[in-house]
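Here the structure is laid out as structure tokens; the discussion comes afterwards.
The values are calculated or read from the model by the stated rules, or taken from the named source; none is laboratory data. These numbers were taken from a predicted model, which means no experiment stands behind them. We place every Cβ from the backbone using ideal geometry, glycine too, and count neighbours over all the protein chains shown.
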Number of protein chains: 2
Amino acid sequence: MGRLLIVGSVAFDAIETPFGKTDKILGGAAPFIALAASKFNVESAIVSVVGDDFPQEYLDLLSDNDVDISAINIVQGGKTFFWRGRYHNDLNSRDTLETQLNVLADFNPIVPDQYKDAEVLMLGNLNPSVQLSVISQMEKKPKLTVLDTMNFWMDNALDELLEVIAKVDVITINDEEARQLSGEYSLVKAAAKIHAMGPKYIVIKKGEHGALLFQGEEIFFAPALPLKEVFDPTGAGDTFAGGFTGYLTKTQDYSFENMKKAVVQGSNLASFNVEKFGTERLQNLDTMTIYRRLEQFKKLTQFDIELS
Amino acid sequence: MGRLLIVGSVAFDAIETPFGKTDKILGGAAPFIALAASKFNVESAIVSVVGDDFPQEYLDLLSDNDVDISAINIVQGGKTFFWRGRYHNDLNSRDTLETQLNVLADFNPIVPDQYKDAEVLMLGNLNPSVQLSVISQMEKKPKLTVLDTMNFWMDNALDELLEVIAKVDVITINDEEARQLSGEYSLVKAAAKIHAMGPKYIVIKKGEHGALLFQGEEIFFAPALPLKEVFDPTGAGDTFAGGFTGYLTKTQDYSFENMKKAVVQGSNLASFNVEKFGTERLQNLDTMTIYRRLEQFKKLTQFDIELS
């Protein structure tokens, strides 16, 4: 059992989908990652920042799931990062209606002493300069460093982002971002180019079309579970990252074979996350329910084949 | 070992992709289906029509692969169906530049006597009235009838198409067509509605994102093999259908378990087909090469998972 250090935003989200809308609810990459990882009973801590408008109940929710919140800096007089968005009818695309960076604009991450030798470091989607700062504060190189990022940083902070990419073991990005980062349309070629930038493993997330894991010439594919309803996709990628790193932190086996399982675990948790608004489904998700759906994943993809 | 009856167009295609263009080459649903099915050494026959402009070498190619071509009607003084299209840069969409129905406009299919009790009937994408005529000519209900169709018939001949759909065991359509036919965005819901129209099994093809097989609540997913280059997607769906029905005709096991394998076999052959123009890759594809890629498919998707 290792320890997982999570760096990422902690936020308010206000979400509109074809099925309804929310007021400000708990959002940001770090809570999704931490709640997903908590399903594997790992020790984890979040490095983040919020304003003093951030409700104690959200902090308690994280603590209650054994997430160390001591490195979530609460800025007195500050306001928490806020994102408002609206999903289109197919839920595959969305418009950002409002972004208030607030305290995140001046976020200066401080890694707590007891996590400076964490086995796994999960860099949630955030300014690459923040990610670099966290990497440099680690006293021991983590066994595994996983990076999530997005097209915004490719557009606005590419040099720093490339610096981060050169230092990580795994990068998780979506298919469009992989194409943008590599300049290659073929995801096989894109992965090869991104591999050359540093990461040994490339995870390309394709939303409802599943996720690909690349290591050199090796490829593994995990589908997304076909669902009757997708209610709210917010946080699906972060939940995937939390399941992925949570499983690896628990098992401490960073081989390609075990990483395949981690991809399935991440996809499995993400399939729950989209069933309710925000983190609601993750909050109420027991082990037996997770296990049953893992069995569904297995049935969905496993086959025997012989030459005929 | 059963026999496979294939109904479908036999055509000239002229194709433009970002990688090159062809003059008139062998195209149409039936040749792709038959060449793919021939990899399983099944007895098969094509019911179709061409003009007297159709080259003997294309007919020989089919014969040489043990496809019975006696029910391909050669209309003297007629011209063969011709399609010209241009693929966009991402190869996921295309424009039809020219369609000449020619002899296909008056196609009156005649099922040869020795195939009126074929075990498997593959209805390639074609006018539903032609498909209905073939179904009605069968003296014995086939063990398995598989229908391929497209949005054009949903737009222009929906009533007849629904009549066909009510009579078949398996329908294969792409994701957009499944949505159009069912009025449901979720593919799980779409499959349930299409199931209620008649077919016991629904195959939803998602191109580069793989294929889903539905039977009631059961779902199986086969990915498309991630490829460095897709050269020409023409005929990928027909090749899938040919591999699918060829495998089932050979094994004569129409269970869900065996149909999973058939989906993988179809996906495997389709992954070859897109590597060259038209049927070129299928023409030169040996058993060992097919087998090796099946092993790749297995590695791509198979995993062990335990509850952690």
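Figures for the structure shown
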read-out	value
Members of the range B:25-73 that are more than 19 Å from residue B:2 (Cα to Cα) and among the small types (Gly, Ala, Ser)	B:27, B:28, B:29, B:48, B:51
Odd one out for residue A:212, checked against (1) touching a Pro at 6+ places or on another chain (Cβ under 7 Å); (2) in a helix (DSSP H, G or I)	(2)
Check on residue B:123, within 16 Å of the chain's Cα centre (by Cα) and within 16 Å of residue B:48 (Cα to Cα)	yes
Failed item in (1) surrounded by fewer than 20 Cβ atoms within 10 Å (Cβ to Cβ); (2) in a loop (DSSP other than H, G, I, E, B), with residue A:99 passing the rest	(2)
Single condition residue B:233 does not satisfy, out of (1) farther than 17 Å from residue B:36 by Cα; (2) surrounded by fewer than 23 Cβ atoms within 10 Å (Cβ to Cβ)	(1)
Number of the condition not met by residue B:241 [criteria: (1) surrounded by fewer than 21 Cβ atoms within 10 Å (Cβ to Cβ); (2) touching a residue at least 60 places away in the same chain (Cβ under 8 Å); (3) of a type outside the set (Lys, Arg)]	(1)
Conditions (1) more than 10 Å from chain B (Cβ to nearest Cβ); (2) within 25 Å of residue A:4 (Cα to Cα): number failed by residue A:181	(2)
Hey, residue A:211 closer than 17 Å to residue A:298 by Cα, in contact (Cβ under 8 Å) with a residue 40 or more places away in the chain and touching an Asp or Glu at 6+ places or on another chain (Cβ under 8 Å) or not	no
Matching residues, the range A:134-189, being touching an Asp or Glu at 6+ places or on another chain (Cβ under 7 Å) and among the small types (Gly, Ala, Ser)	A:186
So residue A:294, is it surrounded by 23 or more Cβ atoms within 10 Å (Cβ to Cβ) and within 30 Å of residue A:18 (Cα to Cα)	no
Filter result for the condition that a residue is at pLDDT 95 or above, within 21 Å of residue B:210 (Cβ to Cβ) and either surrounded by fewer than 17 Cβ atoms within 10 Å (Cβ to Cβ) or of a type in the set (D, E, K, R) (or both), over A:200, A:228, A:205, A:193	A:205
Some residue of the range A:35-45 being part of a helix (DSSP H, G or I) and touching a strand residue (DSSP E or B) at 6+ places or on another chain (Cβ under 7 Å)	yes
So residue A:249, is it among the β-branched types (Val, Ile, Thr), surrounded by 24 or more Cβ atoms within 10 Å (Cβ to Cβ), in a loop (DSSP other than H, G, I, E, B) and more than 9 Å from chain B (Cβ to nearest Cβ)	no
Scan of the range B:268-291 for residues that are of a type in the set (A, V, I, L, M), in contact (Cβ under 8 Å) with a residue 40 or more places away in the chain and within 14 Å of another protein chain (Cβ to nearest Cβ), ordered by number	B:269, B:274, B:285, B:290
Residue within the range B:299-307 that is in contact with a Leu (Cβ under 8 Å, 6 or more places away or on another chain), facing chain A (nearest Cβ under 8 Å) and not in a helix (DSSP H, G or I) present	yes
Residue check, residue B:91 in contact (Cβ under 8 Å) with a residue 24 or more places away in the chain, surrounded by 13 or more Cβ atoms within 10 Å (Cβ to Cβ) and on the phi > 0 side of the Ramachandran plot	yes
Looking only at the range B:117-139, and only at residues there that are over 23 Å from residue B:205 (Cα atoms) and in contact with a Lys or Arg (Cβ under 7 Å, 6 or more places away or on another chain), the one that is surrounded by the fewest Cβ atoms within 10 Å (Cβ to Cβ)	B:139
Output for the range A:215-230, where each listed residue is over 19 Å from the mean Cα position of the chain (by Cα), within 11 Å of chain B (Cβ to nearest Cβ) and part of a loop (DSSP other than H, G, I, E, B)	A:217, A:226, A:227, A:228, A:229
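Listed here are the residues, each with its yes/no results for (1) part of a helix (DSSP H, G or I); (2) under 18 Å from the mean Cα position of the chain (by Cα); (3) more than 13 Å from chain B (Cβ to nearest Cβ); (4) under 25 Å from residue A:93 (Cβ atoms).
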residue	(1), (2), (3), (4)
A:168	no, yes, yes, no
A:171	no, yes, yes, yes
A:185	no, no, no, yes
A:193	yes, no, no, no
